[in-house]
Protein chains: 2
Amino acid sequence: MSNTLKSPEAESLHTSALSVLKFGGTSVKNIARIQHVAEIIQKRLEVGPIIVVVSAMGDTTDYLVKLANQCTPQPNKREMDLLLSTGEQISIALLAIVLQSMGIRARSFTGYQVGIFTESVFSKARIVDLKTETLTAALKDHDVLVVAGFQGLTETGDITTLGRGGSDTTAVALAGAMQATVCDIYTDVDGVFTADPNTIPTAKLLKTIRYEEVLEMARLGAQVIHPRAVELARQYGVKLRVRNTFKPEHEGTTIHGGEEVEIYRTVSGVAIDKEQVRCSIMDVPDTPGVAGKIMRALADKNIVIDMIMQAVHPAEGLNNVTFTVNEAELAETIKVLESLKGKLGTGKVLFDKDIAKVSLIGAAMVGQPGIAATLFESLGGSNINIKMIATSEMKLTCVVGRADAQRAARLIHDAFELDKVTG
Amino acid sequence: MSNTLKSPEAESLHTSALSVLKFGGTSVKNIARIQHVAEIIQKRLEVGPIIVVVSAMGDTTDYLVKLANQCTPQPNKREMDLLLSTGEQISIALLAIVLQSMGIRARSFTGYQVGIFTESVFSKARIVDLKTETLTAALKDHDVLVVAGFQGLTETGDITTLGRGGSDTTAVALAGAMQATVCDIYTDVDGVFTADPNTIPTAKLLKTIRYEEVLEMARLGAQVIHPRAVELARQYGVKLRVRNTFKPEHEGTTIHGGEEVEIYRTVSGVAIDKEQVRCSIMDVPDTPGVAGKIMRALADKNIVIDMIMQAVHPAEGLNNVTFTVNEAELAETIKVLESLKGKLGTGKVLFDKDIAKVSLIGAAMVGQPGIAATLFESLGGSNINIKMIATSEMKLTCVVGRADAQRAARLIHDAFELDKVTG
């Protein structure tokens, strides 16, 4: 704080804690919802000034995409970003108008008005710099700054959008740059659970969870907050909370770095991913560099693979390479692998769509062999066949038949007593 | 043109004449219409590069205003401008997408990307500066630059809108700054007529008209192009054309400074304004400055009055002051005049709603007394009572009963043989 003289009124609010709040599209879907959001903000003002990040209203983005597709099947990406950024611009103006009508000193800012600079990549730009001068100055005579999520500006003045998880990312980046005490992501669920409550009714809401755990969960389809935003929060040590817009009195889940707690639970949740398929390339010559060439060929097509395994084949000197890949990318994957046959002398390409990944996540799992044993016992005892297994520092994933996935997740959830998690 | 080396292809188009084209909301109401606009542009590219200015699609602005009014009856003007400017941003992106899909090198620009600086007055800002660097640079590798009309930027980075006639004004300002050879305002009428063709079927389309004449016509309700844009065009000598989007092969009306023609027709058109009322303030003391105080009191409330007349009253030393005012402002006008009674010692306030202004417009009317005579004869001969008369350099207005207005206009149109106008 500067030491220059200020009126006591102006001082009182701004010496206190700055919060960043983010509301997604469903939370600002219509004027009634925007008014509800404004009430949440009003209540939060008791604690200190607020920066609110909002997404486009409900279906606005879909509507704009539809308009563009009526023009041409593959619209230019620069123009698409310019088009889509209007969605958030509409939301911030309306939310500011509602807040002002309640007597709150609010003001809206587009991404370029704030100075959220991104790389010059349209439709999925990453933030490279974020100016704080405008917002800091505006906080002197405003209590709520409403910032458009999802959008930024290139060095040459073009509008970019940040792609998937863009608004969450804007919120976390602002919280980091403005040194906010907390970044609350308001959404339509209560927070992060030990498992999907729709699948496992005994799933418990987690009061706290570590960045790494929620990242693993998000990557496995249990997506309440985009992994990109979580990674950024981890990088800048931003305290994140996931809260329910429609239950604003609930605390939700706090995502943190784990420094605050010395003793931490071993496992935190179970996640199911049914969108993967298993793919194998047979008879890969056991020559150095061949597996690398396969991976490179897939990476060149932007195909993300996981659970890579290499198993020795009965015929000497030949391996089978197996991995999982998103079902949507299977056709492209097969094309790439078939094209390698001639070049690398590899064999048949096989795939199995009847799989699901069931993962147990826990930041403190590493070096605890009993965990794997408990998991395998729980599945084996119920006759669930495990097709693949992979372990990492804080994740244990097994691939089972798709029909067994939910039952497997429930067995694991029970075996680790996740329904009794307290923190 | 610079003398640096360029490829002949790049040169060919850009040494040739730059045109500015403006399309209003009805012209870009949906994707089919935007595609039609793109075809007009494609054809015009044969002549040279193009800057296109577009308004928001059809009802977009109304929709956004409705959303804001759902929030509060009097939304903040800064936020409204930020909100409304999204309308044009959507149009420019979509038009650029369509043009690109036709293989045309097009690029869109918002008002702030161009650098259209305005005064810091929301909802009706005037342009104070217009940067040409961005557009000039973009013309090196683009053939069509699509610019958002109606919007600008304050020095401090706020988005403003230009108010009524905003997109026409953007187009003319760009044409002036970029030294375009012509500024074509595409709309849904054929051009400027000698009278409203809906009222007077014999009305003729004018091939040319002077800035001053079209200004008078526009002020009198015959509004095909906003007077503000015409004034700007006159100031910078921009050659304006009004053309029909749906009849692109028609030449429309050219609005010019009149320098090109030595002999010019005496009268150009007849306009009717039915939205005025007559207002009188009786027994105004004949003291110097009293009339001035009345005018000032009205001006302070932003009430625009016209046809001011002062007639000596039978009672010595007292005058009656009569003027016309827009009917929408009558209530406020009466309030102001009543409030003056005590202060100035003025008398009763009277008004007459049953009036219409019928005006004959012609840049070369001045000093031609025969014109007034012809006009009065034509009305008198058909028993139309003239309630008020006012003349100016290039306009002769008479106030008649509202029911007589159309007949009066037709009689005048005939008397001056406007149906035989050829240029």
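The values are calculated or read from the model by the stated rules, or taken from the named source; none is laboratory data. Computed from a predicted model, the values in this text were never measured in an experiment. With ideal geometry, Cβ positions are generated from the backbone for all residues, glycine too; neighbour counts draw on all protein chains shown.
Report yes if A:Leu139 is more than 21 Å from A:Arg228 (Cα to Cα), within 14 Å of chain B (Cβ to nearest Cβ), in contact (Cβ under 8 Å) with a residue 12 or more places away in the chain and over 22 Å from the mean Cα position of the chain (by Cα), otherwise no.
On the way: more than 21 Å from A:Arg228 (Cα to Cα): yes; within 14 Å of chain B (Cβ to nearest Cβ): no; in contact (Cβ under 8 Å) with a residue 12 or more places away in the chain: yes; over 22 Å from the mean Cα position of the chain (by Cα): yes.
Considered against the rule, which asks whether it is more than 21 Å from A:Arg228 (Cα to Cα), within 14 Å of chain B (Cβ to nearest Cβ), in contact (Cβ under 8 Å) with a residue 12 or more places away in the chain and over 22 Å from the mean Cα position of the chain (by Cα), A:Leu139 comes out as no.
Does any residue of the range B:42-59 turn out to be at the interface with chain A (Cβ under 10 Å from one of its Cβ atoms) and either at positive phi or modelled with pLDDT of 95 or more (or both)?
Checking the range B:42-59: at least one residue is at the interface with chain A (Cβ under 10 Å from one of its Cβ atoms) and either at positive phi or modelled with pLDDT of 95 or more (or both).
Residue by residue through the range B:206-230, note down the ones that are surrounded by fewer than 18 Cβ atoms within 10 Å (Cβ to Cβ) and modelled with pLDDT of 90 or more.
Residue satisfying the conditions is B:Lys207 alone.
Residues checked against (1) touching a residue at least 60 places away in the same chain (Cβ under 8 Å); (2) surrounded by 13 or more Cβ atoms within 10 Å (Cβ to Cβ):
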{"site": "B:Val238", "(1), (2)": "yes, yes"}
{"site": "B:Val242", "(1), (2)": "no, yes"}
{"site": "B:Thr254", "(1), (2)": "no, yes"}
{"site": "B:Ser268", "(1), (2)": "yes, yes"}
{"site": "B:Asp273", "(1), (2)": "yes, yes"}
{"site": "B:Val277", "(1), (2)": "yes, yes"}
{"site": "B:Gly289", "(1), (2)": "no, no"}
{"site": "B:Lys293", "(1), (2)": "no, yes"}
{"site": "B:Arg296", "(1), (2)": "no, no"}
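Anything in the range A:154-176 that is within 14 Å of chain B (Cβ to nearest Cβ) and surrounded by fewer than 24 Cβ atoms within 10 Å (Cβ to Cβ)? List them, or say none.
A:Thr154, A:Glu155, A:Thr156, A:Gly157, A:Asp158
This table checks each residue for (1) of a type in the set (S, T, N, Q); (2) under 15 Å from the mean Cα position of the chain (by Cα); (3) assigned to a helix (DSSP H, G or I).
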site: A:Asp190; (1), (2), (3): no, no, no
site: A:Asp196; (1), (2), (3): no, no, no
site: A:Ala233; (1), (2), (3): no, yes, yes
site: A:Arg241; (1), (2), (3): no, yes, no
site: A:Glu249; (1), (2), (3): no, no, no
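Considering every residue within the range A:103-119, establish whether at least one is out of contact with any strand residue (DSSP E or B) (no Cβ under 7 Å at 6 or more places or on another chain), at pLDDT 95 or above and more than 30 Å from B:Thr72 (Cα to Cα).
no
Just checking, how many residues over the range A:76-91 are of a type in the set (Gly, Ala, Ser) and within 9 Å of another protein chain (Cβ to nearest Cβ)? Walk me through it before giving the result.
Kept after step one, since they are of a type in the set (Gly, Ala, Ser), are these residues of the range A:76-91: A:85, A:87, A:91.
Then keep just the ones that are within 9 Å of another protein chain (Cβ to nearest Cβ); that gives A:85, A:87.
Counting residues in the range A:76-91 that are of a type in the set (Gly, Ala, Ser) and within 9 Å of another protein chain (Cβ to nearest Cβ) gives 2.
For residues in the range B:64-75 being within 9 Å of chain A (Cβ to nearest Cβ) and more than 26 Å from the chain's Cα centre (by Cα), which is farthest from A:Ser101 (Cα to Cα)?
B:Leu67
Residue by residue through the range A:333-348, note down the ones that are farther than 13 Å from A:Val277 by Cα and either hydrophobic (A, V, I, L, M, F, W, C) or within 31 Å of the chain's Cα centre (by Cα) (or both). First the steps, then the outcome.
Restricting attention to the range A:333-348, the residues satisfying the condition of being farther than 13 Å from A:Val277 by Cα are A:335-348.
Result: A:Lys335, A:Val336, A:Leu337, A:Leu340, A:Leu344.
Out of everything in the range A:390-407 that is of a type outside the set (Ser, Thr, Tyr), within 23 Å of the chain's Cα centre (by Cα) and assigned to a strand (DSSP E or B), what residue ends up being surrounded by the fewest Cβ atoms within 10 Å (Cβ to Cβ)? Before you say what the answer is, go through the steps one by one.
The first filter runs over the range A:390-407 and keeps only residues of a type outside the set (Ser, Thr, Tyr), leaving A:390, A:393-396, A:398-407.
Remaining after also requiring within 23 Å of the chain's Cα centre (by Cα): A:390, A:393-396, A:398-399, A:405-406.
Filter once more, keeping what is assigned to a strand (DSSP E or B): A:390, A:395-396, A:398-399.
On the way: A:Ala390: 17, A:Lys395: 23, A:Leu396: 21, A:Cys398: 24, A:Val399: 25.
Per the stated criteria, the residue is A:Ala390.
Select, from B:Leu94, B:Leu99, the only residue that is within 24 Å of A:Gly111 (Cβ to Cβ), out of contact with any Gly (no Cβ under 7 Å at 6 or more places or on another chain) and within 11 Å of chain A (Cβ to nearest Cβ).
Only one candidate passes the filter, namely B:Leu94.
Pull up the range B:182-205, narrow it to residues that are of a type in the set (A, V, I, L, M) and under 24 Å from B:Ala171 (Cβ atoms), then point me to the one that is surrounded by the most Cβ atoms within 10 Å (Cβ to Cβ).
In this case the residue turns out to be B:Ile185.
Only one of (1) modelled with pLDDT of 95 or more; (2) of a type in the set (A, V, I, L, M, F, W, C); (3) crowded, with 20+ Cβ neighbours inside 10 Å fails for A:Ala125. Which number is that?
Checking A:Ala125 against (1) modelled with pLDDT of 95 or more; (2) of a type in the set (A, V, I, L, M, F, W, C); (3) crowded, with 20+ Cβ neighbours inside 10 Å, the one that fails is (1).
Would you mention how many residues in the range B:102-119 are touching an Asp or Glu at 6+ places or on another chain (Cβ under 7 Å) and more than 9 Å from chain A (Cβ to nearest Cβ)?
Number satisfying all stated conditions: 3.
List every residue pair whose Cβ atoms sit under 8 Å apart, with the two residues 6 or more apart in sequence or on different chains, where the first one lies in the range A:57-78 and is hydrophobic (A, V, I, L, M, F, W, C) and the second, anywhere, is in a loop (DSSP other than H, G, I, E, B).
Listed pairs, sorted by first residue: A:Met57/A:Lys29; A:Met57/A:Asn30; A:Ala68/A:Pro75.
Check B:Ile384 against each of (1) among the hydrophobic types (A, V, I, L, M, F, W, C); (2) under 23 Å from B:Asp306 (Cβ atoms); (3) not in a loop (DSSP other than H, G, I, E, B) and name the one condition it does not meet.
Of (1) among the hydrophobic types (A, V, I, L, M, F, W, C); (2) under 23 Å from B:Asp306 (Cβ atoms); (3) not in a loop (DSSP other than H, G, I, E, B), only one is false for B:Ile384: (3).
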